[in-house]
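Structure, as structure tokens:
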Amino acid sequence: MPTENGSSITRDEIYRNMHNRMGQVQNMTQMGFSKRFDFPTEVIKEGDVNAVVPKLEAYAKEPWEYAPSKAPVFYNPVMELNRDLAVLALQAYQKIQEKRLVVCEPLAGCGIRGLRFAVEVKGVQKVVLNDINHEAAKLAQFNSEFNKLTKRVFVMNEDANFLLSRYAAPRKRFHFIDVDPFGTPVLYLDSALRALRDGGLLALTATDMAPLCGVHPNACIRKYGGRPLRTEYCHELAIRLLIGCLVMMAAKHEIGIEVVFSHSTDHYIRAYATAHYGARKADQSIQTMGYILHCFSCFHREILKGPVQHLKGECPECGAKLRAAGPLWTGNLSNIRFGSLMEKEITRRQRKHQRKISKLLFLINNEHTGPSTYYVIDKICDKLNLPVPSTTSVLSGLRERGSKATLTHFNSRGIRTDAPASVLTHLLFSLAK
Ligand SMILES: C[S@@+](CC[C@H](N)C(=O)[O-])C[C@H]1O[C@@H](n2cnc3c(N)ncnc32)[C@H](O)[C@@H]1O
Ligand SMILES: [Zn+2]
């Protein structure tokens, strides 16, 4: 078996005679395949990959129990959409780069994500999978063999930061690194940036929404270096805080950041950004840092661009105290060319979440030119004691008044508009009449 270095999982370590038994999914189950692992397993198909994963129903006795974190190896079927989008993003990136790509997933669990990159993305030359959990690395190696990918997929079993540091030398670096951890990805930013080529793509998942959305503000300040706010658009702030943290970390290495895609789905956020070497590029990225000021009394917001700011105290509309989120990223949250390529890619694939993904990409590509922050109609109506109008009537009302207005993927009742809060509240009063 080709190996990357001495620390990879050897074929002998996984079940020696497994090879002969690979074949149809159904056959494997009939052969009592799951008995070959020390824990209950099953064979699933996700995208174009078949994989052996822990049998989750064996780990959650009660409906409220979270089975993926109880299993000996991590696999979360709910994150399939996240992985689908990662495949589309990597294909979009490959089409723009027109290169053969070397890819790394340093926190791989059972390996499903990285295996999907190898199988579903044209132009992927090599994938390095890694997990600190020995059982996970063993299962990922088995899944690589199961899908006949061992010539292109290499599995490691070490700490992610250690692995990434070993790939930090100029000719060893990756074109794409997908950091998909438990909780925050910030612990891996420094080593991921060092292991990424000039122009390389970095994907980050964050699931620690309580700090990022302002439930635990001190934890957010500690981890991300910025203050969150518990506003109705806190998920957008969360992405901006994560990207802000990435920008400041990249700047230390004289790397500038361009955000090409991001989304907020269910219990997590995700950001995709390319890294560009050069002190000037890093300076430009820093200039896109800033603050978002929010008035909890009248919904007024202000964006302050620039990393160092004198923060105003009072809302110019109602005089209430303004609250600040940041420092955070105030720039684009996606790139239209990148998003459109992803949209094209999904039409060419048959996926379980096809409609959901198409809708998400459509919304993201539409809201991309809009201003930072959005309004949630229900929230304003609730505060003003007004009946809640349809989203369509608010959209057309704003457009009739000369404002730009689009829906947002962040919230089905959200509206991204350049209209000030006062115009929107007047409109809601008139719609109520
Ligand atoms: C959320 S799971 C990964 C899921 C996977 N990316 C997927 O799409 O299915 C996080 C993984 O990180 C691994 N892990 C935790 N700390 C690590 C570390 N310091 N280095 C490498 N892997 C680590 C865990 O064992 C776990 O499998
Ligand atoms: Zn105000």
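Quick look at the values:
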| read-out | value |
| --- | --- |
| The one condition in (1) out of contact with any Gly (no Cβ under 7 Å at 6 or more places or on another chain); (2) closer than 22 Å to Phe261 by Cβ; (3) without any contact (Cβ under 8 Å) to a residue 40 or more places away in the chain; (4) surrounded by 13 or more Cβ atoms within 10 Å (Cβ to Cβ) that Asp378 fails to fulfil | (2) |
| Close pairs from the stretch 105-118: first more than 6 Å from ligand 1 (Cβ to nearest atom), partner in a loop (DSSP other than H, G, I, E, B) and of a type in the set (A, V, I, L, M, F, W, C), Cβ under 6 Å, at least 6 apart | Cys110/Val73; Gly114/Ala108; Ala118/Leu149 |
| Test result for Ala71, part of a loop (DSSP other than H, G, I, E, B), under 22 Å from Thr205 (Cβ atoms) and away from ligand 2 (no atom under 16 Å from the Cβ) | yes |
| Residues located in the stretch 283-330, provided they are in a loop (DSSP other than H, G, I, E, B) and in contact with a helix residue (DSSP H, G or I) (Cβ under 8 Å, 6 or more places away or on another chain) | Thr288, Cys295, Cys298, Phe299, His300, Gly306, Pro307, Glu317, Thr330 |
| Selection count where residues are surrounded by fewer than 16 Cβ atoms within 10 Å (Cβ to Cβ), under 30 Å from the mean Cα position of the chain (by Cα) and assigned to a loop (DSSP other than H, G, I, E, B), scope the stretch 391-411 | 1 |
| Criterion: under 30 Å from Val423 (Cβ atoms), crowded, with 24+ Cβ neighbours inside 10 Å and of a type in the set (A, V, I, L, M) - qualifying residue of Ile269, Ile303 | Ile269 |
| Any hit, the stretch 53-68, residues being within 14 Å of ligand 1 (Cβ to nearest atom), of a type in the set (Lys, Arg) and touching a strand residue (DSSP E or B) at 6+ places or on another chain (Cβ under 7 Å) | no |
| Residue match in the stretch 89-102 (condition: outside any loop (DSSP other than H, G, I, E, B) and within 9 Å of ligand 1 (Cβ to nearest atom)) | no |
| Leading residue by the ranking (nearest to Gly109 (Cα to Cα)) among those in the stretch 121-174 that are within 13 Å of ligand 1 (Cβ to nearest atom) and in a loop (DSSP other than H, G, I, E, B) | Asp131 |
| Matching option when the condition is among the acidic types (Asp, Glu) and either under 18 Å from Tyr75 (Cβ atoms) or touching a Cys at 6+ places or on another chain (Cβ under 6 Å) (or both), among Asp190, Asp131, Asp159, Asp198 | Asp131 |
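Computed from the coordinates by the stated procedures, all read-outs in this text should not be read as laboratory data. These figures come from a predicted structure and were not determined experimentally. Every residue, glycine among them, receives a Cβ derived from its backbone with ideal geometry; neighbour counts consider all protein chains shown.
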